[in-house]
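The structure appears below as structure tokens.
The values are calculated or read from the model by the stated rules, or taken from the named source; none is laboratory data. Treat the numbers as computed from the prediction; the structure is a model and nothing was measured. When we count neighbours, we look across all protein chains shown, and the Cβ atoms used for this are built from the backbone with ideal geometry, even at glycine. All accessible areas refer to the heavy atoms of the entire protein, side chains included, with ligands and DNA or RNA removed. Shrake-Rupley method; radii C 1.70, N 1.55, O 1.52, S 1.80 Å.
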Amino acid sequence: MKRLLMTGAAGNLGKAMRTRIGNLADALRLSDIAPTSDLTDTEEFVACDLADASAVDALVRDCDGIVHFGGRSVEDDWQTIRSANIDGCFNIYEAARKHGIGRIFYASSNHVTGFYRPGERLDGNTAPRPDSLYGLSKAFGEDLARLYWDKFGIESVCARIGSSFPRPTNHRMLSTWLSHDDLGRLIERTFAAKRVGWTVVYGASANQAGWWDNTPAAHLGWAPQDTAETYRAEVEAAGNPPGPEAPESRWQGATFAAQSIIER
Ligand code: NAI
Ligand code: 15L
């Protein structure tokens, strides 16, 4: 690719991915509503509110692919979720259609299926059971991606990311952790695979205690290489596992499932 757009560039994953996916294109166009600094020679930064359709249209112009991380990344009130994640995602796909973008990596979330029980085996064909307005907005993004594949042939990999942090820090993450390196490899496969169509993949490392089966996404050729087991002793030393009534023991989405609607 000549130019790859990454939204959410000022966020945790955006920052972690810059060095890992920079080699996928001659140039990286980074964007966020918040500022980003320390640009390299092959990076440019364009400030943009994803809810602003004309700004997103200009942002996407002249790009060849999109890594869409931008948006509200946890539960919030409806206005915030709707603007950043529903309108924001629609604006990205509409701009992609108008500017002939062929393929998109969409950062979906495990909270699309957060009301399943821990230990239940899920795969990319599992029906959504969103655990929050946030999870619902991610389910919308997946369906939007499907519409743009069926109607316009725009390919998407929708990654239901588990918990992507430098290391697992609690018992739940022994199941849900996704290392930054494995995430980088998943984005690389998104753009290297011959054909992705519309693919839903769970974003987790090769965790022994994992819940998710990525057999339906085998065509991506993604093989996670890290595992949360490396950190098990550290996690167990830091605290006891949650009790049977704790949100972590009742639902995959844990506290997101237990939380009420946020009103402002
Ligand atoms: P983050 O909250 O650190 O980054 C999100 C970025 O989006 C922020 O820099 C924020 O300024 C930007 N943003 C928010 N509203 C915006 C708007 N209206 N216009 C433009 N930019 C806006 O989140 P993180 O952890 O980096 O996650 C990145 C993406 O991956 C998010 O979409 C999140 O939902 C998804 N994800 C992350 C997981 C994780 O474990 N980190 C797990 C599952 C999904
Ligand atoms: C997410 O979707 C969030 O963006 C992230 O901050 C974590 O809460 C993650 O899910 C998780 O479930 O651990």
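Residues considered: VAL112, VAL157. Of these, the only one that is away from ligand 2 (no atom under 11 Å from the Cβ), buried (at least 20 other Cβ atoms within 10 Å of the Cβ) and either modelled with pLDDT under 95 or not basic (Lys, Arg) (or both) is VAL157.
Scanning the range 61-92 for residues that are of a type in the set (Gly, Ala, Ser) and surrounded by fewer than 24 Cβ atoms within 10 Å (Cβ to Cβ) yields a total of 4. Checked against (1) surrounded by fewer than 21 Cβ atoms within 10 Å (Cβ to Cβ); (2) within 13 Å of ligand 2 (Cβ to nearest atom); (3) among the small types (Gly, Ala, Ser), GLY119 passes all but condition (2). Inspect all residues belonging to the range 63-72 and state whether any of them is away from ligand 2 (no atom under 16 Å from the Cβ), closer than 30 Å to GLU229 by Cβ and in a loop (DSSP other than H, G, I, E, B). No - not one qualifying residue is present in the range 63-72. ILE21 falls short on exactly one of the conditions (1) assigned to a strand (DSSP E or B); (2) under 20 Å from the mean Cα position of the chain (by Cα); (3) not aromatic (Phe, Trp, Tyr), and that condition is (1). One residue stands out among those in the range 1-10 that are open to solvent by 30 Å² or more (accessible area, probe 1.4 Å) and assigned to a loop (DSSP other than H, G, I, E, B): the one that is nearest to ligand 2 (Cβ to nearest atom), which is MET1. Could you please let me know if ALA58 is farther than 30 Å from GLY253 by Cβ and open to solvent by 40 Å² or more (accessible area, probe 1.4 Å)? Taking the combined requirement at face value, the residue satisfies it.
You will find that of ARG146, ARG82, the residue that is within 16 Å of ligand 1 (Cβ to nearest atom), of a type in the set (D, E, K, R) and in a helix (DSSP H, G or I) is ARG82 and no other. Condition first: buried (at least 18 other Cβ atoms within 10 Å of the Cβ), outside any loop (DSSP other than H, G, I, E, B) and among the aromatic types (Phe, Trp, Tyr). Can you find one or more residues in the range 185-201 that meet it? For the range 185-201, residues buried (at least 18 other Cβ atoms within 10 Å of the Cβ), outside any loop (DSSP other than H, G, I, E, B) and among the aromatic types (Phe, Trp, Tyr): present. Of the residues in the range 160-180, at least one is under 28 Å from SER83 (Cα atoms), touching a His at 6+ places or on another chain (Cβ under 9 Å), open to solvent by 60 Å² or more (accessible area, probe 1.4 Å) and aromatic (Phe, Trp, Tyr). Residues that are assigned to a loop (DSSP other than H, G, I, E, B), buried (at least 16 other Cβ atoms within 10 Å of the Cβ) and out of contact with any strand residue (DSSP E or B) (no Cβ under 9 Å at 6 or more places or on another chain) within the range 225-252 comprise PRO242, TRP251, listed in sequence order.
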